[in-house]
Every structure is written in C-alpha cells, then in structure tokens.
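The values are calculated or read from the model by the stated rules, or taken from the named source; none is laboratory data. None of these values were measured; they are calculated from a predicted model. Note that we place each Cβ from the backbone using ideal geometry, even for glycine, and neighbour counts take in every protein chain shown. Keep in mind that these areas ignore ligands, DNA and RNA; they rest on the heavy atoms of the full protein, side chains included. Shrake-Rupley method; radii C 1.70, N 1.55, O 1.52, S 1.80 Å.
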Amino acid sequence: ITVSADRVDPANEGHRVTISGTLRADKPVRDAQLGISADALILLRDVMMRQWRERCANAKCTYMLVWAAQPMDSRGFKIAAGHQNPPRLPFSSARFFADDMHLGAFGIDAALLAGAGKPVAYPVQGAQLPPNLAATFRESDGVLYAGADPKHAAAGDLRVSYRIVPLGGARMTGVQRGDRLKAASAH
C-alpha cells in the first residue's frame, strides 16, 4: 500500500508499503580507506591498474597495455620479459552506503538502495586525501592517479575514480518494521 512518508503509522507494522519523498543522510558517505567522502546515498570506488595483456593467434603473440579492474596473471605469457604485471591491486573497487538514511519519518535500510538511482561521476581532488596517500596519488581530471605520468601510463600505474548515487527524490517499497523501511525477505 502507498502511505505518507511524513509519519509512521503503527497499523502498517509488518506490511509492505510504498513511500515517496526526499532521501537524506545524516552524515556524508565515506571511503575510510582512502579518506574520500561525499554527500550522497552511495559512493562507488572504481580501481583500475595498467597491465599487460597477451593476445596470441597461431604462433604469434602481441602485447598491449590496458586498464583492468582485476589482476592479469603474466607468469604464463609466452614472452614474459618486459611484460610483467603486479600480482595484485593494492586497493579494490568498492561500494559504500551512507549511514542513517531517511525518507520522511522512515529510516531506510541500505538493501533498499539497489535501484536507487543512476550513479554519476564524482570528481575528486588530491587535497581530499590524507597526507600518507597524497604522497602516492595525484589528481588528474578528477581521478586519482598513482604513477609517473598519467599521459604515458606504465604497467602497475593505478587509476581510482569515484561515482555517487546522489541524495534526492525517491519512491521506495519495503516492509515497515518499527520506524524503518526494510527489504522484504526472500522466501
């Protein structure tokens, strides 16, 4: 049933309800590992590493530097010399949810945010980083970059970009439990 988000009606306890209004969070969502925060519902960290990729056709192999989100194992390359990739990424891509989200009088569980909006680019500045990471990363067009030269990326260089799902108008359906809207349990 569709109910007003302005007040919680105890008569709807345990029922599936739909509410509409403005989603808000009590404090910014934060990537504690890199120190980046945003006034948003969701903060997405996308990490890419420059790595060698091998393509073989018949007996001929070619090697190309590409950006990839997962480590590429170069130990089995036919020509390993000069094409070594780091064994792992120092950071992984991640998704962070704001704490204490509300839509009107209802607290909203993060599980309800799966389809809460399309992520948009969130350019960051090197000044947002803590001093220990500011020594490693620099900002290049709103993206954090670790390496000698972002215009001539080498194997092992990192790119960390962010996207957000902004606060704002929303329509959500869930089960009313006290003053919270929760995801319905799958049975």
statement: So, first residue in contact (Cβ under 8 Å) with a residue 40 or more places away in the chain and acidic (Asp, Glu) in region 25-36, second residue open to solvent by 10 Å² or more (accessible area, probe 1.4 Å) and not in a strand (DSSP E or B), Cβ within less than 9 Å, six or more apart or across chains; the pairs are 26/99; 26/100
query: Which residues, counting only those in region 152-170, are open to solvent by 80 Å² or more (accessible area, probe 1.4 Å) and either at pLDDT below 90 or under 21 Å from the mean Cα position of the chain (by Cα) (or both)?
result: 159, 163
statement: Checked against (1) free of Cβ contacts under 8 Å to residues at least 40 places away in the same chain; (2) open to solvent by 50 Å² or more (accessible area, probe 1.4 Å); (3) assigned to a strand (DSSP E or B); (4) among the hydrophobic types (A, V, I, L, M, F, W, C), residue 11 satisfies every condition except (3)
statement: Within region 80-104, residues of a type in the set (A, V, I, L, M) and at pLDDT 95 or above come out as 94
Test: residue 46 is within 26 Å of residue 165 (Cβ to Cβ) and surrounded by fewer than 18 Cβ atoms within 10 Å (Cβ to Cβ): yes
- request: Kindly check whether there is at least one residue in region 100-117 that is assigned to a loop (DSSP other than H, G, I, E, B), over 18 Å from residue 27 (Cα atoms) and open to solvent by 70 Å² or more (accessible area, probe 1.4 Å).
  value: yes
message: Pairs please, first residue from region 137-162 and within 14 Å of residue 67 (Cβ to Cβ), second anywhere and in a loop (DSSP other than H, G, I, E, B) and of a type in the set (Val, Ile, Thr), Cβ atoms under 7 Å, 6+ apart in sequence or on different chains.
response: 144/124; 146/136
statement: Per the filter on region 67-81, residues in a loop (DSSP other than H, G, I, E, B) and open to solvent by less than 50 Å² (accessible area, probe 1.4 Å) are 69, 74, 77, 80
